[in-house]
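First up is the structure itself, then whatever we jot down about it.
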Protein chains: 2
Amino acid sequence: MTKPGLDAAELGAYFALMDVSSLLQHAIEQQLRSAGELTNVQFKILMRLLEASDGQLRMTDLADSLVVSRSGLTYQAGLLEKAGLITRTPSPDDERSTTLGLTAAGRERIAAVLPGHVDVVRQLLLDPLTRDDLGALADLLTRVRDHMRAAPPRSAAQRARKRADS
Amino acid sequence: MTKPGLDAAELGAYFALMDVSSLLQHAIEQQLRSAGELTNVQFKILMRLLEASDGQLRMTDLADSLVVSRSGLTYQAGLLEKAGLITRTPSPDDERSTTLGLTAAGRERIAAVLPGHVDVVRQLLLDPLTRDDLGALADLLTRVRDHMRAAPPRSAAQRARKRADS
DNA sequence: TATTGTTATACTCTATAACTATA
DNA sequence: TATAGTTATAGAGTATAACAATA
């Protein structure tokens, strides 16, 4: 009678995951806003650029990576460019693509925000975990993420739907 | 030089957590919209009410539990009430409080949406995990959540700030 | 005086669809 | 013909602050 098809362990993992992520997300959002006038999404964009091997990323790849629509990313990238934190230049190999890159100001902004950001992550997420716990958690979640990413990304769904319509 | 204060294991757990939750959240959002005209937040409200021992919850408690502002919850509760899925009645013991309750239609809506919802959670989150993995994940995340919830909730932060201002 | 909930307001973000340009 | 990115549009959701009612 309206019993969910998930048992206690499954439900526990699922709910705990969602609770933890939203609690953490809100705390992060708050810190980023007060420390550096950044949205969580904007911060993630900057971080991905910082991580990228050559410091450059294509729009579509970034959109899929951040689980955002391409138009949404265009909006955010516009804000970041206006703020002088990133650059947008047409890709040399494919003229259709736009390549994002970090500016010096972008790097500085990250440096300004990161310490406080790390503190929040430490206090909320990392503190209650032992070193072993941490490894176990990273392993489990990485496997889940890889599994999830095996499905076609957001940007492909639109193309597929469009094709089916015609 | 601008190195984050987190090592590879910490960063891995943190990023994997955020990636997994946003991937899952987007998939859920999509399913709920197409299956039953519900937002993720609205679905969560209904689920908490279903879970609640007596099927009733106070606004402030629910807001804290869902990590949403009270005004935001008022907005969502208004929509759900207008849709006939929940009831809002003044609490008997404290006239200031509003008690939320599920209607029969609310229960039906949950029943209609839940199977598809469970499928999504299964396919994306649960499938790649063994039974042991699941228990470990639930244990780790539950501990983190309890730790996070030990801090004062959202609704208390406003009161504290207000007091400090005066 | 503190707390509960609502409201008024303003704003941020997001996505869909249409469009341009390049492959 | 398909893909990359932008834009125009429109809507949904959120939070802050002020307010009313109750404790």
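Key figures
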| item | result |
| --- | --- |
| All positions within region A:49-66 that are part of a helix (DSSP H, G or I), more than 15 Å from residue A:107 (Cβ to Cβ) and either among the polar types (S, T, N, Q) or touching a residue at least 24 places away in the same chain (Cβ under 8 Å) (or both) | A:59, A:60, A:62, A:63, A:64, A:65, A:66 |
| Complete set of residues in region B:70-90 that are surrounded by 14 or more Cβ atoms within 10 Å (Cβ to Cβ) and either of a type in the set (D, E, K, R) or not in a helix (DSSP H, G or I) (or both) | B:70, B:81, B:83, B:85, B:86, B:87, B:88 |
| Hits in region B:121-152 (condition: within 7 Å of another protein chain (Cβ to nearest Cβ), farther than 13 Å from residue A:19 by Cβ and surrounded by fewer than 17 Cβ atoms within 10 Å (Cβ to Cβ)) | B:127, B:128, B:135 |
| Qualifying residue in region B:132-143 (condition: within 17 Å of the chain's Cα centre (by Cα), part of a helix (DSSP H, G or I) and within 16 Å of DNA strand D (Cβ to nearest atom)) | no |
| Filter result for residue A:84 (more than 27 Å from residue B:150 (Cα to Cα) and of a type in the set (Gly, Ala, Ser)) | yes |
| Cross-chain or 6+ apart pairs with Cβ under 8 Å, region A:23-34 first and touching a residue at least 40 places away in the same chain (Cβ under 8 Å), then surrounded by 14 or more Cβ atoms within 10 Å (Cβ to Cβ) and outside any helix (DSSP H, G or I) | A:23/B:67; A:32/A:38; A:32/A:39 |
| Region B:33-44 - residue that is under 14 Å from the mean Cα position of the chain (by Cα) and near DNA strand D (Cβ under 10 Å from one of its atoms) and, of those, surrounded by the fewest Cβ atoms within 10 Å (Cβ to Cβ) | B:39 |
| Matching option when the condition is closer than 23 Å to residue A:64 by Cα and away from DNA strand C (no atom under 15 Å from the Cβ), among B:15, B:43 | B:15 |
| Subset of region A:28-44 [in a helix (DSSP H, G or I) and more than 21 Å from residue A:141 (Cα to Cα)] | A:29, A:30, A:31, A:32, A:33, A:34, A:35, A:36, A:42, A:43 |
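Let's see how each residue does on (1) more than 7 Å from chain A (Cβ to nearest Cβ); (2) farther than 28 Å from residue A:140 by Cβ; (3) among the basic types (Lys, Arg); (4) crowded, with 20+ Cβ neighbours inside 10 Å:
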position	(1), (2), (3), (4)
B:7	yes, no, no, no
B:11	yes, no, no, no
B:21	no, no, no, yes
B:46	yes, yes, no, yes
B:56	yes, yes, no, no
B:59	yes, yes, no, no
B:65	yes, no, no, no
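Every number in this text was worked out from the coordinates using simple rules, so none of it is lab data. Not measured: the values here are computed from a predicted model. Neighbour counts run over all protein chains shown; Cβ positions are idealised from the backbone, glycine included.
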